[in-house]
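The values are calculated or read from the model by the stated rules, or taken from the named source; none is laboratory data. Computed from a prediction, not measured in an experiment: that's the story for all the values here. Don't worry about glycine lacking a Cβ; one is built from the backbone with ideal geometry, like all the others, and counts go over all protein chains shown.
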Amino acid sequence: MPRYLERGVFTYDTPPKIESFAAVVGEKEGKGPLGDFFDKIVTDSHFGQKTWEQAESRFQLEAVSLAVRKAQLTKEDIDIICAGDLINQCTGSTYGLRQLEIPFLGLYGACSTMAEGLITASILADSGAAKRTAAVTSSHFSTAERQFRAPLSYGGQRTPTSQWTCTASGAVIVSAEKGEIAVTGGCIGRIADMDVTDITNMGAAMAPAAMDTLCRYFKTTGTSPADYDIIVTGDLGSVGSKLLGELMEKQGYDITQVHQDCGEMIYNIDEQDAHCGGSGCGCSASVLCGYYLPMLQKGAVKRLLFAATGALMSVMSVQQGESIPAISHLVELRRAE
């Protein structure tokens, strides 16, 4: 069982393993700096479906199916699947994965869902409740714009602090026994709310949550940024990443030498008109599965913190003028001994 260290912070004496993983992205993401690292690039934003929502579901199904095939498994080998997305009541996950007939846990952590899924999957594997659990999430530019902002045909001006929701999905298979990457610990985030109300400035809303989670993990485990090869945040983008560095410095931690952000990395921000970078559940999920997990698998990276971040607002809360609560969940990943 996980070894309890403090509220929400734990490590494993016998770490669960990541057996397989896959990343599927859209055309814009495929043209970005990390395009060569993804398993599949889909140039049709509808992915052969009638609606964008159906397309996002297809992205999830494809990511899970690829991860299963890469491990030379079948869907019957997966005991439980943990999935979530941004569409109302996790529509992308539910409709995309229903045909697999795998026991299902729907998750919602907004853009932090990949880390939440990894935490849940690793606990299930370690407890003996499942031999293999899949964790998957996704996002789609057009489904997010339709739900949270204005119709695409409206052509509204994007603000300088805005981010581009990634069309992407990432999936991992966590095993109790087999795999070259170990999930050695985690930190379940606390909700942070700094009264940010600007839906086009997600980085500012989420940076305090990332700071809180990282500081809690460092203090509880007795580690510092220097103990890790890379500290990866989810999708803070350029504004949120700069703010996180300043917040961490005030807490006595310098992360500048090891910090990288998936939102800053997935696009060439200037050339691809992504403003402050990428966002969405699929952003950190695809970058983790396409770029970072292979580095751990090959031994190029030995110890990594993955702290995905999410803004927990809804369409209703935004319309009512509420502030934007945020959260950051963290997992520690190491090259398995």
Only listed residue being of a type outside the set (Lys, Arg) and either modelled with pLDDT under 95 or over 26 Å from ILE80 (Cβ atoms) (or both), chosen from ALA144, ALA171, ALA135, ALA129: ALA144
Residue match in the stretch 22-32 (condition: basic (Lys, Arg), surrounded by 15 or more Cβ atoms within 10 Å (Cβ to Cβ), assigned to a helix (DSSP H, G or I) and in contact with a strand residue (DSSP E or B) (Cβ under 8 Å, 6 or more places away or on another chain)): yes
Scan of the stretch 63-89 for residues that are at pLDDT 95 or above and surrounded by 21 or more Cβ atoms within 10 Å (Cβ to Cβ), ordered by number: ALA63, VAL64, ALA67, VAL68, ILE78, ILE81, CYS82, ALA83, GLY84, ASP85
Set SER142, SER162, SER127, SER122: member being in contact (Cβ under 8 Å) with a residue 40 or more places away in the chain, crowded, with 24+ Cβ neighbours inside 10 Å and either over 27 Å from GLY8 (Cβ atoms) or outside the structural domain of VAL315 (by TED's automatic domain parsing) (or both): SER122
Any chance GLY282 is crowded, with 24+ Cβ neighbours inside 10 Å and modelled with pLDDT under 95: no
Single residue of LEU97, LEU73 found to be in contact with a Phe, Trp or Tyr (Cβ under 9 Å, 6 or more places away or on another chain), farther than 16 Å from VAL331 by Cα and either assigned to a loop (DSSP other than H, G, I, E, B) or not basic (Lys, Arg) (or both): LEU97
Filter result (among the aromatic types (Phe, Trp, Tyr) and assigned to a helix (DSSP H, G or I)) within the stretch 254-309: TYR291, TYR292
Sole residue being under 16 Å from ILE199 (Cβ atoms), small (Gly, Ala, Ser), buried (at least 24 other Cβ atoms within 10 Å of the Cβ) and modelled with pLDDT of 95 or more, chosen from ALA307, ALA326: ALA326
